[in-house]
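In what follows, a single structure is set out as structure tokens and then discussed.
The values are calculated or read from the model by the stated rules, or taken from the named source; none is laboratory data. Note that this is a predicted model, so its numbers are computed, not measured. Neighbour counts run over all protein chains shown; Cβ positions are idealised from the backbone, glycine included. These accessible areas exclude ligands, DNA and RNA; they are computed on the full protein's heavy atoms, side chains included. Shrake-Rupley method; radii C 1.70, N 1.55, O 1.52, S 1.80 Å.
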Protein chains: 4
Amino acid sequence: VITKSIFSYIYYLNNLIKWKKIKNDLKNIKLLFLDVDGVLTDGGLYINEDGQILKKFDVKDGLGLKLLKESGIKVVFISGGVGGATEKRAKQLGIEYCLVGVQNKYREVKNLQRKLNISKTNTAYLGDDINDMVVKPLVKLLFTTADGSKLLKRIASASLNNNGGNKVVRELAERILISKKLWKQYSLKGWIERND
Amino acid sequence: VITKSIFSYIYYLNNLIKWKKIKNDLKNIKLLFLDVDGVLTDGGLYINEDGQILKKFDVKDGLGLKLLKESGIKVVFISGGVGGATEKRAKQLGIEYCLVGVQNKYREVKNLQRKLNISKTNTAYLGDDINDMVVKPLVKLLFTTADGSKLLKRIASASLNNNGGNKVVRELAERILISKKLWKQYSLKGWIERND
Amino acid sequence: VITKSIFSYIYYLNNLIKWKKIKNDLKNIKLLFLDVDGVLTDGGLYINEDGQILKKFDVKDGLGLKLLKESGIKVVFISGGVGGATEKRAKQLGIEYCLVGVQNKYREVKNLQRKLNISKTNTAYLGDDINDMVVKPLVKLLFTTADGSKLLKRIASASLNNNGGNKVVRELAERILISKKLWKQYSLKGWIERND
Amino acid sequence: VITKSIFSYIYYLNNLIKWKKIKNDLKNIKLLFLDVDGVLTDGGLYINEDGQILKKFDVKDGLGLKLLKESGIKVVFISGGVGGATEKRAKQLGIEYCLVGVQNKYREVKNLQRKLNISKTNTAYLGDDINDMVVKPLVKLLFTTADGSKLLKRIASASLNNNGGNKVVRELAERILISKKLWKQYSLKGWIERND
């Protein structure tokens, strides 16, 4: 038991150092790709008798994404799963780019980078499984959830502290806004939704 | 690890002191605003392929709200999210005031205080995120869930011990009823639903 | 922190002693009332935009109830909530008596005891909140979930180790079958569903 | 408390030894039966007012099953519960054999083994409750989830570390692929879905 908690402490420190190292890269992010199942959700697929799929998103992630949008960062949902709930959530949050049923994430990330004319230096990606590993050469920062696949963790720039579906996107949004010194503005009066 | 548990203990004691300090204010509450997503729910938005949203409420929160109502306290649901499930839940519980799609919570809280002729001294608010911070000047007591945003916690009167969606509303209801010495009456025979 | 874990240990031992004491009473149970929300479920009410309510039951609880039924014990669902999902679950499990929308549980328990001609000595009840306290004089054994209301716990015969919705009904079913020496028969070959 | 953690440590070591012992058997698996409720799900049955049942599957389990399929292992869903969501999930994942409403799992496992001409030596089964015990004589490896029934655990070849619905199927899939030395191929570039 003690060995276990020492190991997890070393892992924790190691991850802390990783976050320190990428501080400057984080500041430069202009384009953020988010995997959906296992990142914006806990990976749960609620399936009914007709085969309809329900997914559980989080309201705090949503607020984080609105703040990112306000700061000018482009956010993209990219999912290997079939669409439906995902596009609906993207629409609710005003996410312009929502790619579903993606088999080769490398190709889609590259295409969108070219289309938006945003380079690798300004691109980050948050995933949770081995089908996200393929984007590594295209992005400056590859992140994973705390409960992401070990193989992905090994090549990731850093791991978030939260699990997929458990406000991990909010955590990343706050980290990006802090790096850009855009978070403090909310500390006094909070945030009021604007309609402009 | 030890440092961490010492910090969390200090936080716990500090919060305990806060609750002691507000004991008298709690007794005077006549109007209670409750944020919905992240307070009455855990923030989860279950979205189906048609974009319909399902929310998970809790039956023990519901019983707490019925008791508050019996004691004469006015309860208001106030949500930045779109309506639907929220109004249905309000109706089930006999909550008269249910405000959804609220962008500026300051304005809505103020309006309702004026309409009901209830002053700041008698108003409390339970929220979980930075869009709840704006109501601070309007309420005597501003509460947050255990998993509320740090920025909100910093300005809150006190934090509840439970997370949003995990009986945090019931916890607050019992605290209010205890402060008003209305809780003990249930200790012998419990509670039977009345239809009058 | 240490104080806390000592207290919880005392609570644990105290509960253990309670279970020892009621061993003989458990053996005599012929009629078992189960509250629904917070017992057969975790208290969650999944509400959609039309106000339809979805409830999450557990398959292991279900198997426990089938075993109780096979052993000749009558099981009753008794709920203060509105019906719908509850009756459907009762039907799936072959539960004959399913009472929903019950305001006064005392009256309903008494009525059914009279109808089935089963006395207090042979009746048990598993609940989780203060609206279950009223049945205390009618039942030999009043149980509560691990996360049940404190007021109910204080008057309960004993507490189960599991939370509502988390296989607490299965736990009670196994305890009853063990007390009746009907559990061991499954230890070698398990259980095959019978259709007779 | 200390006694408890020592016991759980012994259990952990014991299980580790069990996994070592079956290393060779794992390599030979060609046919894998998966119970559904409590294995592919956490046992939760989300029931609506019409009696429709929703089940929560996991996307990481799904990816694990796709990898197993690619490696040539036949996967079968076998469920005592009524069908609906289960068949839909099977179809989504390209699982050819999906048996629902099964009362006697012994018979069905045997039938399919004969039909596919796969012997006991090459068959594994992952279950979670006492109605899975009956297949023991037919399979080389009988697995259970971390939260499986104690009676099943006692006769199981080994226990997985995860609970039902919490990526336990993914865990087993990785263990099988590692035993067949088919996991390392993903460590560099991950996995891209193929459509051939």
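Okay, here's what the table says:
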item	result
Members of region B:55-93 found to be assigned to a strand (DSSP E or B) and open to solvent by 20 Å² or more (accessible area, probe 1.4 Å), listed by number	B:Lys56, B:Lys74
Meets criteria (out of contact with any Pro (no Cβ under 9 Å at 6 or more places or on another chain), away from every other protein chain (no Cβ under 11 Å) and over 12 Å from C:Val39 (Cβ atoms)) for C:Leu112	yes
Region D:1-24 residues that are free of Cβ contacts under 8 Å to residues at least 60 places away in the same chain and over 30 Å from C:Ile6 (Cα atoms), paired with ones that are of a type in the set (Gly, Ala, Ser) and surrounded by 11 or more Cβ atoms within 10 Å (Cβ to Cβ) (beta carbon under 7 Å, 6 or more apart)	none
Given (1) facing chain B (nearest Cβ under 10 Å); (2) of a type in the set (Asp, Glu); (3) more than 22 Å from C:Cys98 (Cα to Cα); (4) not in a loop (DSSP other than H, G, I, E, B), index of the condition C:Asp25 fails	(1)
Hey, A:Lys140 touching a Lys or Arg at 6+ places or on another chain (Cβ under 8 Å), within 25 Å of A:Gly165 (Cα to Cα) and surrounded by fewer than 19 Cβ atoms within 10 Å (Cβ to Cβ) or not	yes
Matching residues in region B:78-94 - criterion: being more than 17 Å from B:Leu54 (Cβ to Cβ) and within 14 Å of chain C (Cβ to nearest Cβ)	B:Leu93, B:Gly94
The listed residue being of a type in the set (S, T, N, Q) and in a helix (DSSP H, G or I), out of B:Asn111, B:Asn161	B:Asn111
Subset of region B:1-22 (residues that are in a loop (DSSP other than H, G, I, E, B) and either at pLDDT below 95 or touching an Asp or Glu at 6+ places or on another chain (Cβ under 6 Å) (or both))	B:Val1
Which numbered condition D:Leu54 misses (of (1) within 14 Å of chain A (Cβ to nearest Cβ); (2) of a type outside the set (Val, Ile, Thr); (3) within 19 Å of the chain's Cα centre (by Cα))	(3)
A:Glu171 being open to solvent by 10 Å² or more (accessible area, probe 1.4 Å), acidic (Asp, Glu) and part of a loop (DSSP other than H, G, I, E, B)	no
Failed item, numbered, when A:Lys56 is tested on (1) free of Cβ contacts under 8 Å to residues at least 60 places away in the same chain; (2) within 30 Å of D:Gly94 (Cα to Cα); (3) not acidic (Asp, Glu)	(1)
All positions within region A:95-107 that are at pLDDT 95 or above and either within 16 Å of the chain's Cα centre (by Cα) or facing another protein chain (nearest Cβ under 8 Å) (or both)	A:Ile95, A:Tyr97, A:Cys98, A:Leu99, A:Val100, A:Lys105, A:Tyr106
Flag for B:Lys189 being surrounded by fewer than 22 Cβ atoms within 10 Å (Cβ to Cβ) and either away from chain C (no Cβ under 13 Å) or among the acidic types (Asp, Glu) (or both)	no
C:Gln113 vs. criteria touching a residue at least 40 places away in the same chain (Cβ under 8 Å) and of a type outside the set (Val, Ile, Thr)	yes
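Per-residue answers, yes or no, for (1) out of contact with any helix residue (DSSP H, G or I) (no Cβ under 7 Å at 6 or more places or on another chain); (2) within 14 Å of chain C (Cβ to nearest Cβ); (3) open to solvent by less than 10 Å² (accessible area, probe 1.4 Å); (4) free of Cβ contacts under 8 Å to residues at least 24 places away in the same chain:
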{"residue": "D:Asn117", "(1), (2), (3), (4)": "yes, no, no, yes"}
{"residue": "D:Tyr125", "(1), (2), (3), (4)": "no, yes, yes, no"}
{"residue": "D:Thr144", "(1), (2), (3), (4)": "no, yes, yes, yes"}
{"residue": "D:Leu152", "(1), (2), (3), (4)": "no, yes, yes, no"}
{"residue": "D:Ile178", "(1), (2), (3), (4)": "yes, no, no, yes"}
{"residue": "D:Lys181", "(1), (2), (3), (4)": "yes, no, no, yes"}
